[in-house]
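A short write-up of the structure that comes next.
The values are calculated or read from the model by the stated rules, or taken from the named source; none is laboratory data. No experiment lies behind these values; they were computed from the predicted model shown. Because the Cβ atoms are built from the backbone with ideal geometry, glycine has one as well, and the counts that use them run over all protein chains shown. When the accessible area is computed, the model is the full protein with side chains, heavy atoms only, and any ligands, DNA or RNA have been set aside. Shrake-Rupley method; radii C 1.70, N 1.55, O 1.52, S 1.80 Å.
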Amino acid sequence: MRISTITNWAYGATVCFTLASGGAFLLASQAMTRERGAISAELTYDRLVDDLDLAADRLSGAMQRFVATQDERHALAYTRELRETRTREGAIEKLEKLGLGPSERTLLKEADTAGRALLAFDAQALEAGRSGDWAGARAIVFGVPYHEALDGLDRPLAQFEMLLDERTHAAVVEATTQSDRLQLIAKIMLAATAALFLSVLYFVISRRITKPLIQMSGVVSRLAEQDFAADLPDHRHSDEIGEMTQAIRQFRQNGMEREQFEAERQRDQTAKDNLSRMLHRMQGCETPEELGEVVACFAPQIFPQLAGSLFVHDETRGLLIAASDWQNPALTGGSFAPSECWGLRRGHAHISSGSGLDIACQHYQRSGGAESVCVPLMAQGDIVGLLYLEEQSDDPQRDRGASRHYLDLMAENIGLALANIRLRLTLRALAIRDPLTGLYNRRHLDATLHREEERARLSGGALACVMMDVDHFKRFNDNFGHDAGDAVLKHVAQIITRHSPAGALTYRFGGEEFTLLLPGTDAAQAIALAEEIRIAIREVTLAHRGRTLDPISASFGVAAFPALEATASLLQAADAALLSAKQDGRDRVVNAKNAGKKTAA
């Protein structure tokens, strides 16, 4: 057979295989386009359903805040939200235009009905609240029908979203399967083309065919291994090879877009999971320090390319104090005044940089380089802290993909957690502290005494109790006024606190009586301490409003384990010793053990 005939046959076969593989790649490209369309439809559905949930949450949240706080601003916010956004109606109209099945339309109608019921409840509550019937308004928005209406909205939306996910997932799977099948066919065709080229390699083949196919063979293999970094040759001829190159280029582009989309979706899901875990942990925090540890643990996972700090507002000093930091932020100090931050001044997130495009915060310590963002942490209009984030200067790629939504959501929940912690600490202090002297009150003593007594009895350790009473306290109130009496009590409390050793618990028992609970202190040490405090009180002369007060003295009763019987009450024994000290002439320290002997005598 002549060489020209073999060449012609080889050329004809090559053209056939090339056309077939090019067609397969074109079909695969179309399948990939359908797959992207299905994924885009799924995202559109999810976004519209989220709009429905968001509209209901915003309206019901605004109405509940209005009823709970009786603040007209929340009613105005509700009215403005209802008048301006109309998110629910818009989302429902868009969903209906996308083409829905009978079941999906039924669920959508149920959700719309529930939403209208919620609006009716909101209208009733708004009217009741504005007419002064707050009890009726609370009964509406916090009642069972209202929550049933909320559930009636969430349940069909969840079922609706599930049906849409199933339908769109099936479309994605079908398009992916078809794409994979066509890719396999295309690979087989290219393999056959490569085999034919090997067989006719020693014959005369046009360079317009040989060189492009050799290059494309390697590109296709790399694409088959999901290596989308492979670059195709620039084939400008309008022939079958050019069409196949274009199809492979389109296939590569689709693969890169799908890989990028999957990576973004994975990052988004990871951020959601970490944010959810962080919110659960924050609910269990009892101090700002614990909250700082939680934020420092999860913030680098949510924003891995950002360093940052959590600042807590210290009201006593008027400063923002760093509670925690992560990944070594270098552009701000450990504490600064709220007026040094433009984010706190404006009440919105503020970006500082050395570019000069905006005003930089005063606590921002470098005139150039990486940017930083300050997100104020607010709760009910009050500043509770600041979330500070900055780009790491040694990272060549700036983190522009960090979701602003996640940042705002994280800041909002951190602010609420800080406000709740501050409220709990304040309530706890009010519950166990005496407001006049700052000492622990009787409530705290009752909760602590039994525990300390049991611990001393079980361990055999020492525990002392000192009861103290200001002598003739009534004369200060009668002769100088109750303000002078309060000044005497505060002065005595200061002396007790100043002379008490580490680990001692000081209480205002009631009226002019004080109590010291001294773990690890025996009777002799407690008596010496009481004598020291008695002398300190006796030696000081107080003046109030230009008048010198009468000399102050106090009587003390001391009881201690294990000097007492195991069945005796430490507080009762110390109180009996105090009574004995007052009967013996006051201004003295009496040991409960000696008082018991005197009574028996």
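Numbers below:
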read-out	value
Sole residue being at pLDDT 70 or above, over 30 Å from Asp122 (Cα atoms) and either over 31 Å from the mean Cα position of the chain (by Cα) or acidic (Asp, Glu) (or both), chosen from Ala175, Ala229, Ala224	Ala175
Which numbered condition Pro145 fails, given (1) out of contact with any Leu (no Cβ under 9 Å at 6 or more places or on another chain); (2) closer than 19 Å to Thr79 by Cα; (3) in contact (Cβ under 8 Å) with a residue 12 or more places away in the chain	(2)
Any hit, region 360-372, residues being modelled with pLDDT of 80 or more and within 30 Å of Phe261 (Cα to Cα)	yes
Subset of region 437-455 (residues that are loosely packed, with under 14 Cβ neighbours inside 10 Å, closer than 30 Å to Ala487 by Cα and either of a type outside the set (Asp, Glu) or in contact (Cβ under 8 Å) with a residue 12 or more places away in the chain (or both))	Arg443, Ala447
Pairs with Cβ under 9 Å, 6+ apart, first in region 321-337 and closer than 19 Å to Thr287 by Cα, second among the basic types (Lys, Arg) and open to solvent by 50 Å² or more (accessible area, probe 1.4 Å)	Ser335/Arg317
Any hit, region 274-290, residues being under 22 Å from the mean Cα position of the chain (by Cα), within 14 Å of Ala417 (Cβ to Cβ), open to solvent by less than 20 Å² (accessible area, probe 1.4 Å) and among the polar types (S, T, N, Q)	no
Test for Leu458: is it modelled with pLDDT under 90 and open to solvent by 20 Å² or more (accessible area, probe 1.4 Å)	yes
Scan of region 516-531 for residues that are out of contact with any Leu (no Cβ under 6 Å at 6 or more places or on another chain) and buried (at least 18 other Cβ atoms within 10 Å of the Cβ), ordered by number	Leu516, Leu518, Thr521, Ala523, Ile527, Leu529, Ala530
Residue within region 66-83 that is more than 20 Å from Pro145 (Cα to Cα), at pLDDT 70 or above and either under 23 Å from the mean Cα position of the chain (by Cα) or of a type in the set (Lys, Arg) (or both) present	yes
Lone unmet requirement of (1) in contact (Cβ under 8 Å) with a residue 60 or more places away in the chain; (2) under 15 Å from Phe66 (Cα atoms); (3) not aliphatic (A, V, I, L, M) for Arg130	(1)
